[in-house]
1. Dipole of the chain, Cα-centred, from +1 at each Lys and Arg C-beta and -1 at each Asp and Glu C-beta, to the nearest 20 debye?
2. Keeping every protein chain present and rolling a 1.4 Å probe, give me the accessible area per residue for the chain in Å².
3. Rounded to the nearest 10 Å², what accessible area does Y239 show when all protein chains are kept and the probe is 1.4 Å?
4. Could you list log10 I(q)/I(0) for the range 33-129 at q = 0.12, 0.15, 0.16, 0.21 Å⁻¹, which the Debye formula gives when each Cα is one point scatterer?
5. So what does H79 come to for accessible area, using a 1.4 Å probe and Å² rounded to 10?
6. Which of the listed residues, A171, G114, A147, is farthest toward the dipole's positive end in the range 70-211, when Lys, Arg count +1 and Asp, Glu count -1 at the beta-carbon?
7. Taking only the alpha-carbon positions of the chain and ignoring solvent, what does the Debye formula give for the base-10 log of I(q)/I(0) at q = 0.11, 0.12, 0.13, 0.14 Å⁻¹?
8. Can you compute the charge dipole magnitude of the range 20-158 about its Cα centre, using +1 on each Lys and Arg Cβ and -1 on each Asp and Glu Cβ, nothing else charged? Give it in debye, rounded to the nearest 20.
Amino acid sequence: MTVGDQAQHLREYVRRHHQRARVLAVTSGKGGVGKTGISVNLAIALAARGQRVVVLDADLGLANVEVLLGLNSLYNLQHVVEGGKELVDILVEGPGGIKVIPGSSGLAKIADLGAGERANLLDGLRQLQEITDFIIIDTMAGIGQNAISFASAADEVLVVSTPEPSSIVDAYAVIKTLYQKREDAVMSLVVNMAANKEQALAVSKKLTTVTQKYLGRNLSYHGYVPRDPHVMQAVMQTYPFVLRYPSAAASKSVQELATRLVQQEAPMRDERVSFFRRFAQTLGLASSA
Ligand SMILES: Nc1ncnc2c1ncn2[C@@H]1O[C@H](COP(=O)(O)OP(=O)(O)O)[C@@H](O)[C@H]1O
Ligand SMILES: [Mg+2]
């Protein structure tokens, strides 16, 4: 075994034994760009790679994770916040081996939660981090407090933009806000509904150029998902496209995004401040997580 192998081995060991979940927020400037679809399908693709994945529905709009998956749950995050339920009690089994935490419109104003309610939310999330590999947070669009709270606390953020100019401009606003909120934010771009690879690359070039020029920051390009009629067909069937149409172009792209995520080395856990400490700080609570 070479020294490099040993180091790799050690990292793997630490990952398996100390690993708290990698928290990935999926966000965007505009709504309707494919955040929920990407969150859910990426989660399933990660689960197919042996990861334990939970999707947290923090987008409190109508087209939510449960609707997309045809789930109908009795309980949601509100019950955890109010203290009646533990977070593990409200986890719903989704397709493809993923679990879902149903959101609640009652959480639309995280800032308005009382101290006890915030603590309940944090305790639940902290427990969850111990029993999963990935927590994928489907956030609201835009630079509202709710979206920014989740995204700025996450370990990494996938910013979704379509090739539409308004989507690109709004994605930039999110990138700017997140970097202002958190200097060491780790963000990468996914271009959705691209006509082809070249168009996606052109979008990426625009965003990386302005991010570099005006913010002095790098924005990495994580990949793209093509515009594909199978996505809408799957939505109509309330079933994820990666499962229903595994050989569709969109599914293949999402599989590639998942492979890239798993291959990317997550920063070593012990060197990182946990999502929950940062999230608690955002909520104005002290946390020892
Ligand atoms: N790659 C794609 N190709 C074609 N249509 C897509 C694609 N991604 C998303 N859509 C369409 O856009 C709609 C909105 O997607 P959704 O994931 O709900 O967006 P968001 O969560 O950002 O609001 C979906 O119902 C689907 O019909
Ligand atoms: Mg959505």
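The values are calculated or read from the model by the stated rules, or taken from the named source; none is laboratory data. Just so you know, these numbers come straight off a predicted model, no measurement behind them. We place every Cβ from the backbone using ideal geometry, glycine too, and count neighbours over all the protein chains shown. We work out accessible area using only protein heavy atoms, side chains counted, and drop any ligands, DNA or RNA first. Shrake-Rupley method; radii C 1.70, N 1.55, O 1.52, S 1.80 Å.
1. Numbers: 30 positive and 27 negative charges, 135 e Å.
For the chain, the charge dipole is close to 640 debye.
2. Roughly 45 Å² per residue, with all protein chains present.
3. Its heavy atoms expose roughly 80 Å² to the probe.
4. -0.37, -0.58, -0.65, -1.07
5. About 60 Å², rounded to the nearest 10.
6. Of the options given, the answer is A171.
7. Summing over Cα pairs of the chain leads to -0.61, -0.73, -0.87, -1.02.
8. Dipole magnitude for the range 20-158 comes out near 300 debye.
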